[in-house]
């Protein structure tokens, strides 16, 4: 079966078997969260072919795994991630956040 690529704005809760092709356009630095139990996190900005921006944040030990795949200007496939609503204070970003395991291209 051929892979079906969707733009980020068409991936909504309840859609099964989807794949988004996105490109890494910005990489932040590894930072330490503030709180009772600080944890390292690494922020990435991705965009799809329609220009929709997605902010991806990777935490803790997952940073070492994903940093090899999420290199600047590299495209990656994101498939069947768990979705959650993005906060309305981020109007320039897609209205869904991904919790994903991706595969690089």
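The values are calculated or read from the model by the stated rules, or taken from the named source; none is laboratory data. Please read these numbers as outputs of a predicted model, since none were measured by experiment. No Cβ is skipped: glycine too gets one built from the backbone with ideal geometry, and neighbour counts run over all protein chains shown.
Worth pointing out:
- Residue 51 being in a loop (DSSP other than H, G, I, E, B), over 10 Å from the mean Cα position of the chain (by Cα) and within 17 Å of residue 8 (Cα to Cα): yes
- Considered as a group, the residues in the stretch 26-53 that are closer than 15 Å to residue 77 by Cβ and touching a residue at least 40 places away in the same chain (Cβ under 8 Å) include one that is surrounded by the fewest Cβ atoms within 10 Å (Cβ to Cβ), and that residue is 49.
- Where residue 23 falls short, out of the listed (1) without any contact (Cβ under 8 Å) to a residue 12 or more places away in the chain; (2) not in a loop (DSSP other than H, G, I, E, B): (1)
- Residue check for residue 17: at pLDDT 85 or above and in contact with a strand residue (DSSP E or B) (Cβ under 9 Å, 6 or more places away or on another chain): no
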